Amino acid sequence: MTTAPAQDAWPDTWPDSGIGPLVDHHCHGVVRHGLDEDGFASYLTESDLPPATGTTFFDSQLGFAVRRWCPPLLGLPAHCPPADYLARRRELGVRKAAELLLRATGIGDFLVDTGLPGDLTTPDELASAAGTRAHEVVRLETLAERAADTSDGHRSFLDSLATAVQEAARTGVGFKSVVAYRYGLDLPPDPPPPGEVRAAADRWLAARAPGGRVRDPVLLRHLLWSAVATGLPLQLHTGFGDPDLRLDRCDPLLLTDFVRAVRPTGCPLVLLHTYPYHRGAAYLANVYPHVFTDVGLALAHTGVRARTVLAETLELAPFGKVLFSTDAYGLPELYLVGARLFTHALGGLLTEWVDEGAWSPGDAARAARLIASGNARRLYGLDSPGPGA
């Protein structure tokens, strides 16, 4: 490849652009059942509440992006009314609509966080629908809660948890923590002493109702350091999400002391989503060799402003430290929109920088390959590109 693709060509020709298939290094499963209009629209927001009276979640950057990119793949004009789109979706059926959308994403590998509850596809089912590959990212808090369900005291709990972490390290490509949701990122940075861990486990197990979440800061620190000990990449939710978190406690800069404490181990830390703190995350990726970053679901939720958000990340983050992800959950549309907005934003930026002489075409193509897939393949040890490479 000797020239950067034209801006408008990137989204539709990405699999054949010379860059190769994308690696979506953080996503979730797709719902297996059909959805009515309200159910569908609920996936277009991070809110866990209905829209305000007289409004709809379709009237958002993400809602407009879905209506721009998805209808043509189901045989409808772009920007068609939501009711028309959902009727066509029902006509095709859940499986067929998912296949049409997922196979058009240009994604060759999905790294799937399996910690969310609900009627969602497994990594294997997602791979089958997309005609490509999927790998598991294991959520630490889910491991702890499953171990607690079968434990009768701190000794059996901690033994079961240690075994579960080691087994997950053999089968998964990385770990994920939602400590940002359960407590916040302003945790003490060092591993908790064993006595504190045992006491915290006893307190939690004694007070825990069946299925109760782990929120104790000592146990959350123990989980983080258990994952660090494996050496596999550790994904950390940062930045915005649903109302279950406090956004002011999700700034990745709050992790600075933890980042410093982890550095001697060499364990890679991957900062997910990061918006609106993406410039701080880019700084951490710039100054610490084991820190990586993405803007994940921020691109889908910022829609036509995705190019600005990505440009702000690329101001400071080294190009070998930035990853692509969709954080898609529930709707196959979200994988398609996440991929289209990413390739459109990246293609537009690189075209602009090449045209003004700031970047050479060869450097633009090389940086695109790194961000789209190469960095993730190196970081997670993916052996070869998925189908379509």
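Coordinate-derived values only; no laboratory data. Please read all numbers here as calculations on a predicted model, not as lab measurements. When we count neighbours, we look across all protein chains shown, and the Cβ atoms used for this are built from the backbone with ideal geometry, even at glycine.
Structural remarks
- Viscosity 1.567 mPa s, temperature 4 °C, Stokes-Einstein D of segment 18-119 from Kirkwood C-alpha radius, µm²/s: 86 µm²/s
- All other residues whose Cβ lies under 14 angstrom from that of Thr163 are scored, Lys and Arg at +1 and Asp and Glu at -1, for a net of +1.
- Stokes-Einstein diffusion coefficient of segment 59-135, Kirkwood radius over Cα pairs, 4 °C, 1.567 mPa s, in µm²/s: 95 µm²/s
- Shape call, segment 276-389: gyration tensor on alpha carbons, a/c limit 1.5: rounded
- Legend: translational diffusion of segment 75-201 by Stokes-Einstein, Rh = Kirkwood radius over C-alpha pairs, 20 °C, 1.002 mPa s; D = 119 µm²/s.
- Farthest positive-ward along segment 300-389 dipole, Cα basis, beta-carbon charges - from Gly357, Leu341, Ser373: Ser373
- Unit charges at the beta carbon, dipole of the chain: most positive-side option, Gly34, Thr326, Gly75: Thr326
- The alpha-carbon positions of the chain define a convex hull whose volume is 134 Å³ per residue.
- When the chain is described by a simple charge dipole with +1 on each Lys and Arg Cβ and -1 on each Asp and Glu Cβ, the residue from Ile107, Ala209, Gly231 located farthest towards its positive end is Gly231.
- Sorted from longest to shortest, the spans of the Cα atoms of segment 120-179 along the three principal axes equal 44, 21, 20 Å.
- Per-residue ³J(HN,Hα) for segment 32-45, Karplus 6.51 cos²θ - 1.76 cosθ + 1.60, θ = phi - 60°, Hz, x for Gly and Pro: 8, 10, x, 10, 7, 4, 5, x, 5, 5, 5, 8, 9, 8
- For the chain, a simple Cβ point-charge model (Lys and Arg +1, Asp and Glu -1, everything else neutral) yields a dipole of about 500 debye relative to the Cα centre.
- Our summary gives the chain a relative contact order of 25 percent, counting only alpha carbon pairs under 8 angstrom and 6 or more residues apart.
- Exposure proxy order (Cβ contacts within 10 Å, fewest to most) of Thr274, Thr105, Thr256, Thr150: Thr150, Thr256, Thr105, Thr274
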